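Asks: Please find one structure pasted underneath; my questions will follow.
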Amino acid sequence: MCKAVKVNVILLFLLFSSVHSFSQSPSGTTGSWLMFFNQTRLHEKWSIHTEAQYRSFELTPNTDQIMLRVGVNYHINDNYSTSIGYAYIPNFAFDKENLKGVQVSENRMWQQFLMKNILGRVNFEHRYRLEQRWLQTTSGDKYLNRIRYLLRVTVPLNKIVIEKHTLFLTFYDEVFIHFSNTPFDRNRLYGAIGYQFLPNLNIQLGYLAQTVNTTTKHYLQTAVFYNLDLRKKK
């Protein structure tokens, strides 16, 4: 077995082990996330990122959080890119009967560096993100800085590469660190199955375990990725 394949097998084993360990963590009611992502390519070097997420405390709609994010991407080459952008995130209180309204409103600036590479048929993605967060709460305003690191692994199942009509598995783990005396913010562990309907469209159905402090909550996720390319054809 070649070295690259050994690395892939070890990494996938660790990811599956992590999913199992998180699934044993204490959790409350399972929630759900509905997500839409778009990247519109304007130029060889530039593209626009747009994103909308609806996060529910429960599987049925019970609004937890709404996220609206936009950004500008600079593509260094096919494997490296940098981004800068803004996000607005209203957070709601849990209530089975009545929506209590926004409890925490967040304005956020973010910057990131994205690196991709392929080993065999396994796609790796490393994302490093900085965030400056302005929170307005019922008890006062707060400013926080945070750094995030995400490692994503995607494996096509019925084809060698991800193209039209490809069924694939994708996994990621992301850790959030505050610049404070208590640096750990949260960890997200995700696994999903996806299908590439068109070269620019795929849908993923997945499971997320999010650990905040020592409490883990579980979410079912549906994500739609739809990209546009507005570059002039040569």
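The values are calculated or read from the model by the stated rules, or taken from the named source; none is laboratory data. Please read all numbers here as calculations on a predicted model, not as lab measurements. Quick reminder, even Gly has a Cβ in these numbers, built from the backbone with ideal geometry, and neighbours come from all protein chains shown.
Asks: Filter the range 204-225 down to the residues that are over 14 Å from the mean Cα position of the chain (by Cα) and either polar (S, T, N, Q) or under 18 Å from E51 (Cα atoms) (or both) and list them by number.
Replies: Within the range 204-225, T211, N213, T214, T215, T216 meet the criteria.
Asks: Could you say which residue among F197, F176 is farther than 30 Å from N107 by Cβ and assigned to a strand (DSSP E or B)?
Replies: F197
Asks: So, in the range 93-111, how many residues would count as being at pLDDT 90 or above and either out of contact with any Pro (no Cβ under 8 Å at 6 or more places or on another chain) or surrounded by fewer than 14 Cβ atoms within 10 Å (Cβ to Cβ) (or both)?
Replies: At the first step, the residues of the range 93-111 found to be at pLDDT 90 or above are 104-111.
Among the residues that remain, those that are also either out of contact with any Pro (no Cβ under 8 Å at 6 or more places or on another chain) or surrounded by fewer than 14 Cβ atoms within 10 Å (Cβ to Cβ) (or both) are: 107-111.
Number satisfying all stated conditions: 5.
Asks: Now for a separate question. Check G85, G71, G101 and return the single one that is farther than 25 Å from L201 by Cα and of a type in the set (G, A, S).
Replies: Sole residue among the options that is farther than 25 Å from L201 by Cα and of a type in the set (G, A, S): G101.
Asks: Report, by residue number, each residue of the range 40-75 that is crowded, with 17+ Cβ neighbours inside 10 Å, under 22 Å from Q111 (Cβ atoms) and among the small types (G, A, S).
Replies: S47, G71
Asks: Could you count how many residues in the range 221-234 are farther than 21 Å from F197 by Cα and either assigned to a strand (DSSP E or B) or without any contact (Cβ under 8 Å) to a residue 24 or more places away in the chain (or both)?
Replies: 3
Asks: Another question, if that's okay. Scan the range 47-85 for residues that are among the polar types (S, T, N, Q) and assigned to a strand (DSSP E or B) and jot them down.
Replies: Of everything in the range 47-85, those that are among the polar types (S, T, N, Q) and assigned to a strand (DSSP E or B) turn out to be S47, T50, Q53, S56, T63, Q65, N73, S81, T82, S83.
Asks: Could you tell me which numbered condition S25 fails, if it satisfies all but one of (1) modelled with pLDDT of 95 or more; (2) over 19 Å from the mean Cα position of the chain (by Cα); (3) not aromatic (F, W, Y)?
Replies: That leaves (1) as the condition not met.
Asks: Here's a follow-up. Considering each residue of the range 112-165, count those that are loosely packed, with under 15 Cβ neighbours inside 10 Å, among the hydroxyl-bearing types (S, T, Y) and either at pLDDT 95 or above or not in a loop (DSSP other than H, G, I, E, B) (or both), and give that number.
Replies: 4
Asks: A follow-up question, please. So, F94, is that one among the aromatic types (F, W, Y) and over 23 Å from I177 (Cβ atoms) or not?
Replies: Working: among the aromatic types (F, W, Y): yes; over 23 Å from I177 (Cβ atoms): yes.
When the stated conditions are applied, F94 passes them.
Asks: I need a count of the residues in the range 53-92 that are modelled with pLDDT under 95 and of a type in the set (V, I, T).
Replies: The qualifying residues number 2.
Asks: Those residues that are over 18 Å from the mean Cα position of the chain (by Cα) and among the aromatic types (F, W, Y), I need them from the range 128-149; list them, please.
Replies: Passing the criteria: W134, Y143.
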